[in-house]
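See below for the structure under consideration.
What follows is calculated from the coordinates using simple rules that are stated; it is not laboratory data. The model shown is predicted, which means the values in this text are computed figures rather than measured ones. Quick reminder, even Gly has a Cβ in these numbers, built from the backbone with ideal geometry, and neighbours come from all protein chains shown.
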Amino acid sequence: MADGRVGYERRGAAAVITFDRPQARNAMTWGMYDQLYDACERLDGDDARVAVLRGAGGRAFVAGTDIRQFAGFSGGQDGLDYERRMDAIIGRLESVRVPTVAVVEGYAVGGGLAIAAVCDLRVCTPDARFGIPIARTLGNCVSVATCARLVAVLGVARVKRLLLLAGFLDADEALSAGFVSEVVAPGELDERVDGLCERLSANAPVSMRATKEALRRLTLDGLAAGDDLVRECYGSQDFHEGVAAFSGKRTPVWRGR
């Protein structure tokens with residue numbers, strides 16, 4: 001499994017963070033998650049005024065976590081450790097000091113949707129698709145914190161539909177939901193992102209930072225306990241069946257236990 005990388009570069013006042021594993025639609029390996037955390041640390045020590053996150057290759061933003069990495073999970077504790085790790089990394093991105101812009105071309109799935117959801121602004125191309133189809137693929141669940149973040153940007157009804165029906169939002173529905181601010185043709189995307197960065201870079205950094213932090217606290221304050229739910233899903237026979245079925249390219253057989 002090629003590990004991929006998360007790149008970091010400066011372009012004027014903007015820092016550009018790139019998920020670079022296009023042969024796997026930028027599905028995240030453990031190493032890439034660690035590099036994302038490090039990029040957030042670097043960002044807060046930099047003098048950049050805005051950060052842009054995007055996937056390499058033009059076919060996907062991030063197509064979730066590479067599922068082959070779940071093959072070594074043996075029980076519910078592995079799921080708890082994984083979800084806590086993801087919450088720490090996603091939370092680190094959510095708390096960076098500057099505005100973040102997710103540029104979504106193609107799929108933002110699973111962990112990719114979670115990453116996009118904690119960015120402050122999102123723009124996408126017409127082929128963008130957003131979803132967490134775990135009820136159809138793996139039989140696991142997301143953390144309570146991830147649920148709270150998704151509800152904050154999409155609303156309860158859409159989150160239920162995404163998670164229970166294991167479907168996707170297309171670009172037009174994401175726009176009507178307010179999840180993305182614009183749907184932009186591929187040929188105009190770079191110019192539009194540059195314009196957003198210029199506008200954000202001209203605004204008061206302290207004001208924007210306070211707004212980001214206030215909204216983060218509102219979203220995550222008083223979260224309900226959820227370890228029992230994570231432990232049940234990742235410890236289930238269905239989860240192991242889902243991972244095996246995905247690896248074997250077959251349809252899983254769910255047994256509800």
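Here are some notes:
- Whichever residue in region 30-74 is surrounded by 22 or more Cβ atoms within 10 Å (Cβ to Cβ) and β-branched (Val, Ile, Thr) and, among such residues, is nearest to residue 116 (Cα to Cα): 62
- A single entry from 152, 157, 185 fulfils the requirement of being within 30 Å of residue 56 (Cα to Cα) and within 21 Å of the chain's Cα centre (by Cα): 152.
- Residues of region 148-167 satisfying the condition of being touching a residue at least 24 places away in the same chain (Cβ under 8 Å) and not in a loop (DSSP other than H, G, I, E, B): 148, 149, 150, 152, 153, 154, 162, 163, 164, 165
- Comparison of 116, 102, 27 shows that the only residue that is closer than 24 Å to residue 186 by Cβ, surrounded by 23 or more Cβ atoms within 10 Å (Cβ to Cβ) and in contact with a Leu (Cβ under 6 Å, 6 or more places away or on another chain) is 102.
- The single condition from (1) closer than 25 Å to residue 131 by Cβ; (2) out of contact with any strand residue (DSSP E or B) (no Cβ under 9 Å at 6 or more places or on another chain) that residue 106 fails is (2).
- A single member of 149, 129 is buried (at least 18 other Cβ atoms within 10 Å of the Cβ), touching a Phe, Trp or Tyr at 6+ places or on another chain (Cβ under 9 Å) and charged (D, E, K, R), and it is 129.
- A count restricted to region 32-77 and to residues that are within 17 Å of residue 22 (Cβ to Cβ) and free of Cβ contacts under 8 Å to residues at least 12 places away in the same chain stands at 0.
- Qualifying residue in region 168-188 (condition: among the charged types (D, E, K, R), crowded, with 18+ Cβ neighbours inside 10 Å and in contact (Cβ under 8 Å) with a residue 40 or more places away in the chain): no
- In region 222-239, the residues that are free of Cβ contacts under 8 Å to residues at least 24 places away in the same chain and either crowded, with 18+ Cβ neighbours inside 10 Å or more than 14 Å from residue 144 (Cα to Cα) (or both): 237
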